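This report refers to the structure that appears directly beneath it.
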Amino acid sequence: MSLPLDFNKITLHPLAADCPLEGFSCGEPGIDDWVRKKALPRHNAFKARVTAAHDDSGRLLGLYSLTLILERERDLRSSEGLRAFIQFGHIPTLHFEYLAVRQSIQNGGLGSYLTLDAICHFADMAERTGIPILTLQPLTKRLATYYGERNFVPYGSSGRMMMSAETAIRLRDDG
Ligand SMILES: CC(C)(COP(=O)(O)OP(=O)(O)OC[C@H]1O[C@@H](n2cnc3c(N)ncnc32)[C@H](O)[C@@H]1OP(=O)(O)O)[C@@H](O)C(=O)NCCC(=O)NCCS
């Protein structure tokens, strides 16, 4: 069993070239491959913005990525409040693209901590720009439950989930 995480010793930073990505594994091969090969180039090109969590020795503990996507209006049709945001059949959304925690420290709360940090970034961005929803695609049913317990709701037929700006602002302000 692993020791409890000391969140006072964990710092979050935008991903940087000196971040040790090589030895990182969350146990999900597709995500590990993305971490090793694509996270930094996409971050540097502003195609995504990646936030990394390190311990006090600089070890990479986890990371998440946010990117902008256009969601088709028909997938959000049942969400009345979103109609005003439709532009040419699409709605801009902030997409919670990847979330990964080092396998040896999973179930210690870091995934929830990083998810709340992403929600807080979205809340700030929504207040400044009016972007209406945060979206994600859970990889499994178990992960859909995980995100449901963290206030994301399903929409459309693709299994995707979303959170409104109002919910994100409330969660940020409740701490
Ligand atoms: C999913 C993940 C980010 C969660 O991070 P974590 O630090 O382990 O999670 P937390 O400690 O904050 O939360 C623990 C909860 O996560 C659940 N959990 C842990 N691993 C999980 C997994 N692979 N799939 C679904 N849920 C998982 C636990 O059952 C626990 O549930 P509970 O809150 O009902 O008790 C982490 O397990 C991970 O990196 N998994 C591999 C990559 C992945 O699947 N990323 C998500 C892509 S959509």
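Each value in this text was obtained by applying a stated rule to the coordinates, not by laboratory testing. Everything numeric here is computed off the predicted structure, so don't read it as measured data. With ideal geometry, Cβ positions are generated from the backbone for all residues, glycine too; neighbour counts draw on all protein chains shown.
Could you check segment 92-105 and list, in sequence order, the residues that are within 16 Å of the ligand (Cβ to nearest atom), without any contact (Cβ under 8 Å) to a residue 60 or more places away in the chain and more than 15 Å from the chain's Cα centre (by Cα)? None - no residue of segment 92-105 is within 16 Å of the ligand (Cβ to nearest atom), without any contact (Cβ under 8 Å) to a residue 60 or more places away in the chain and more than 15 Å from the chain's Cα centre (by Cα), so the list stays empty.
Is it the case, given these coordinates, that residue 155 is surrounded by 14 or more Cβ atoms within 10 Å (Cβ to Cβ) and either more than 19 Å from residue 69 (Cα to Cα) or within 10 Å of the ligand (Cβ to nearest atom) (or both)? In short, no. If only residues of segment 36-76 that are crowded, with 18+ Cβ neighbours inside 10 Å and among the small types (Gly, Ala, Ser) are counted, the one that is nearest to the ligand (Cβ to nearest atom) is 62.
With the structure loaded, tell me whether residue 31 is under 25 Å from residue 149 (Cα atoms) and either small (Gly, Ala, Ser) or more than 9 Å from the ligand (Cβ to nearest atom) (or both) or whether it fails that test.
On the way: under 25 Å from residue 149 (Cα atoms): yes; either small (Gly, Ala, Ser) or more than 9 Å from the ligand (Cβ to nearest atom) (or both): no.
Here the answer is no, as residue 31 does not meet what is asked.
Which residues, counting only those in segment 132-145, are touching a residue at least 24 places away in the same chain (Cβ under 8 Å), within 15 Å of the ligand (Cβ to nearest atom) and in a loop (DSSP other than H, G, I, E, B)? Can you show your working first?
So the first thing to find is which residues in segment 132-145 are touching a residue at least 24 places away in the same chain (Cβ under 8 Å), and the list is 132-137, 139.
Within this subset, residues satisfying the condition of being within 15 Å of the ligand (Cβ to nearest atom) are 134-137, 139.
Answer for segment 132-145, where residues must be touching a residue at least 24 places away in the same chain (Cβ under 8 Å), within 15 Å of the ligand (Cβ to nearest atom) and in a loop (DSSP other than H, G, I, E, B): 137, 139.
Return yes or no: is residue 75 among the charged types (D, E, K, R) and under 21 Å from residue 13 (Cβ atoms)? When the stated conditions are applied, residue 75 does not pass them.
Please verify whether residue 50 is part of a helix (DSSP H, G or I) and under 20 Å from the mean Cα position of the chain (by Cα), treating the condition exactly as stated. No.
Just to be sure, is residue 89 free of Cβ contacts under 8 Å to residues at least 24 places away in the same chain and in contact with a Pro (Cβ under 8 Å, 6 or more places away or on another chain)? So that I can check it myself, show each step before the final result.
Details: free of Cβ contacts under 8 Å to residues at least 24 places away in the same chain: yes; in contact with a Pro (Cβ under 8 Å, 6 or more places away or on another chain): no.
No.
Can you give me the number of residues within segment 100-131 that are outside any helix (DSSP H, G or I) and either β-branched (Val, Ile, Thr) or crowded, with 22+ Cβ neighbours inside 10 Å (or both)? Of the residues in segment 100-131, 3 are outside any helix (DSSP H, G or I) and either β-branched (Val, Ile, Thr) or crowded, with 22+ Cβ neighbours inside 10 Å (or both). Of the residues 88, 7, the single one that is within 12 Å of the ligand (Cβ to nearest atom) and surrounded by fewer than 17 Cβ atoms within 10 Å (Cβ to Cβ) is 7.
Against the test of being among the polar types (S, T, N, Q) and over 30 Å from residue 36 (Cβ atoms), the options 104, 158, 164 yield a single qualifying residue, 164.
Under the condition of being at negative phi, near the ligand (Cβ under 7 Å from one of its atoms) and either of a type in the set (D, E, K, R) or touching a Ser or Thr at 6+ places or on another chain (Cβ under 9 Å) (or both), the residues counted in segment 106-120 number 2.
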